[in-house]
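Worksheet: the structure to be examined is printed underneath.
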């Protein structure tokens, strides 16, 4: 670990339900990163060098060498942006490896939820669009915030379950009536999902059942309540699907079209693919594909407080709230790390309620990290499924790049 004016902690991936409380709501008057004089990418990002942007180039070279050596597993792309300029951009072609790995799997069906099939994962049908998996949730949160800003959704204290009246939820359980949109956004829905120790390799995992099913919304709505809403963090892919449906109910547009018009096009994202479920809804728990450089645009938008070249795409208040540790500690039993969670964004490091790092993460090694103090945006896209890499790319930027970066450069 390293020292800095603010502490950063490493984050493991936590999905088991744990009891916790709620943080104080974020201060909407707190300052955001300034946008005065910053560069904005056009069709492409401005390019610089690590040294010119205050990063010791040896740290970048060393990290890339370890990726070359396979110490971080199968990494497809590493992108590092400082001060709005690309300072590291390396792509690895593992297509032959993915083909050979697919050949040894029992299931060779070309299906969008066969994660071993190279037509679908990690790149979409030989394009440059990379599967984001659960980073999709963080992008969904931005689109959700735009709907709140536009007045289509009253606010996060709005009751959640009336949006699903058509699916006949069991409202005899009084806990459903007490559930708010913020409970959904922060993974404190109270809905029963995976049991402790259950993984995506288990056929009985609710997410596996969901992805193999034909009626996604109904399946999630029919899940029983397990705990009081707002009382317990319980990572739940199904709730993220419900958030996408809420945007459709509130705006009258399916969320892929809403995001295209209100989020992607305004920040220069022209191409994407988003999986559609058998019941005609958008897979907002893990189905989005973006180019690596375009995923970085999402991070840069959030770094700049929701502004893009003079246009407020999503409000600074939403950015601040969604990237704050609303849930301050998702693993209280672990004394080594204290990650938090916002509105579908992970908060790997925070101190006294102040976010130091916010991030999206996804299955197989999809990581978007934003470190405002250092004006850094980093993206890792990878596809390490059936083995554990020697080193975790989740912590690479914090442990190797930040210590080599000058503040205020």
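In terms of the Cα gyration tensor, with a ≥ b ≥ c the square roots of its eigenvalues, is segment 217-265 rounded because a/c is under 1.5, prolate because a/b exceeds b/c, or oblate? Prolate shape, in that a/c is at least 1.5 and a/b is the bigger ratio. For segment 108-178, calculate the relative contact order in percent as a whole number, restricting contacts to Cα pairs under 8 Å that are 6 or more residues apart. Relative contact order here is 12 percent. Using C-alpha pairs below 8 Å separated by at least 6 residues, the relative contact order for segment 154-275 is 26 percent.
Grouping the Cα pair distances of segment 151-190 into 10 Å bins from zero gives a pair-distance distribution of 30, 56, 14 percent in increasing distance order. Fewest neighbouring Cβ atoms within 10 Å first, the residues 264, 380 line up as 264, 380. Every helix of 4 or more DSSP H residues in the chain counts as -39500 (n - 2.57), and over all residues that averages to -6500 deg cm²/dmol at 222 nm. Note that segment 232-331, at 4 °C in a medium of 1.567 mPa s, gets a Stokes-Einstein diffusion coefficient of 87 µm²/s from its Kirkwood radius over C-alpha pairs. Normalising the Debye intensity of segment 156-273 to I(0), with uniform scatterers on Cα atoms only, and taking log10 at q = 0.20 Å⁻¹ returns -1.14. With the convex hull drawn over the C-alpha atoms of segment 55-182, the volume per residue is 219 Å³. Residue 106 versus residue 127, label points 7 Å from Cα toward the beta carbon: distance in nm? Distance between the two pseudo-spin positions: 3.3 nm.
Summary value for the chain: 27 percent relative contact order, contacts being C-alpha pairs under 8 angstrom separated by 6+ residues. Normalised by 2.2 N^0.38 Å, where N is the number of residues, the C-alpha radius of gyration of the chain stands at 0.93.
Work out, in µm²/s and without decimals, the Stokes-Einstein translational diffusion coefficient of segment 282-409 at 37 °C, 0.692 mPa s, Rh from Kirkwood over C-alpha pairs. For the chosen part, D equals 210 µm²/s.
No lab work stands behind these numbers, since they all come straight from the coordinates. Predicted, not measured: the structure shown is a model, and the values here were computed from it. Glycine gets a Cβ as well: all are built from the backbone with ideal geometry, and neighbour counts include every protein chain shown.
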